[in-house]
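The values are calculated or read from the model by the stated rules, or taken from the named source; none is laboratory data. The structure displayed is predicted, hence computed values, not measured ones. Methodologically, a virtual Cβ is constructed for each residue, glycine included, from the backbone with ideal geometry; neighbour enumeration extends over all protein chains shown.
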There are 2 protein chains.
Amino acid sequence: MVEGQTHSLDAVFHALSDPTRRQMLRSLAGGERSISELATPFRMTFAGASKHVKALETAGLVRRRVEGRLHLCRLEAAPLAAADEWLRYYTRFWSDRLDALDHALRSADAAHVKRRKR
Amino acid sequence: MVEGQTHSLDAVFHALSDPTRRQMLRSLAGGERSISELATPFRMTFAGASKHVKALETAGLVRRRVEGRLHLCRLEAAPLAAADEWLRYYTRFWSDRLDALDHALRSADAAHVKRRKR
DNA sequence: CTGTCCTTCAACCATGTGGTTGAATATAAG
DNA sequence: CTTATATTCAACCACATGGTTGAAGGACAG
């Protein structure tokens, strides 16, 4: 279903628009990670990295479970799947359209009907 | 492969994170649109909508061609495909995890069998 | 209890964002 | 020419964002 929640798509795409967060997701693809494990690769402050994790969490891309003094994060698939579905719908549609345009351009190459001049 | 151009992914995902822009893309899926055609459905100013179009353009999602006093926009598939590739990589990975979760839920609940496409 | 580790919180700052307005450009039409 | 249309531009505003710092709160070790 492409319709999805507009609201959640906002959050998901916004979360994905940051390279730090995307890299965190890549790390999380290797399994559960603590906040400090997620933060270490970056040159920013711990608190700064923690904010990024929180952004991923509120976007629904990450689930957190507290174990002692560690906060262990793991990936959540559903919102990503929704975003992917959205994208897939359009990429498929647009590639069809590009094909059609390609054909049109090929067949009507020399026929420039528009009379615009300059 | 999946890493690709970090920079462009930033712009594409950010462009997609706004519902106004996503709706514009939906409109553009129906074919070429002028700026005013894209702007009409929204309650915001013309200049405001024009800014959104520009955002889509700089993200590479839209190509513009000026014909007289009209600026005609059309979709550009490539950056979308890149974003989709990124997402697909992770969703595939995460769907494996979902499968594991699914199995766990099924063994616990033993009632609901999901219909999965893969 | 004391201290150390992992983490969040609150305050703050610089910059970016979405949005407005008002003017400016360029093209078309009368 | 004058006027209307289609669009951008520049300036500005309120607000969110990414980042910092300096605390503070639990959990564990000694």
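Here is how the numbers come out for the structure above:
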item	result
Output for the stretch A:50-65, where each listed residue is farther than 22 Å from residue A:83 by Cβ and more than 8 Å from DNA strand C (Cβ to nearest atom)	A:65
Filter result (over 15 Å from residue A:27 (Cα atoms), within 14 Å of chain B (Cβ to nearest Cβ) and of a type outside the set (Phe, Trp, Tyr)) within the stretch A:66-94	A:78, A:79, A:80, A:81, A:82, A:83, A:84, A:85, A:87, A:88, A:91, A:92
Pair list, Cβ < 7 Å and 6+ apart or interchain, from the stretch B:47-76 residues that are in contact (Cβ under 8 Å) with a residue 40 or more places away in the chain and assigned to a strand (DSSP E or B) to residues that are hydroxyl-bearing (Ser, Thr, Tyr) and within 13 Å of DNA strand C (Cβ to nearest atom)	B:72/B:34
Answer from B:22, B:43, B:69, B:33 - the residue that is in contact with a strand residue (DSSP E or B) (Cβ under 6 Å, 6 or more places away or on another chain) and at pLDDT 95 or above	B:33
Condition met for residue B:21 (more than 15 Å from DNA strand C (Cβ to nearest atom) and under 26 Å from residue A:16 (Cα atoms))	no
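Yes or no, residue by residue, for (1) over 17 Å from residue B:9 (Cβ atoms); (2) surrounded by 12 or more Cβ atoms within 10 Å (Cβ to Cβ):
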position	(1), (2)
A:21	no, yes
A:25	no, yes
A:29	no, yes
A:35	yes, yes
A:43	yes, no
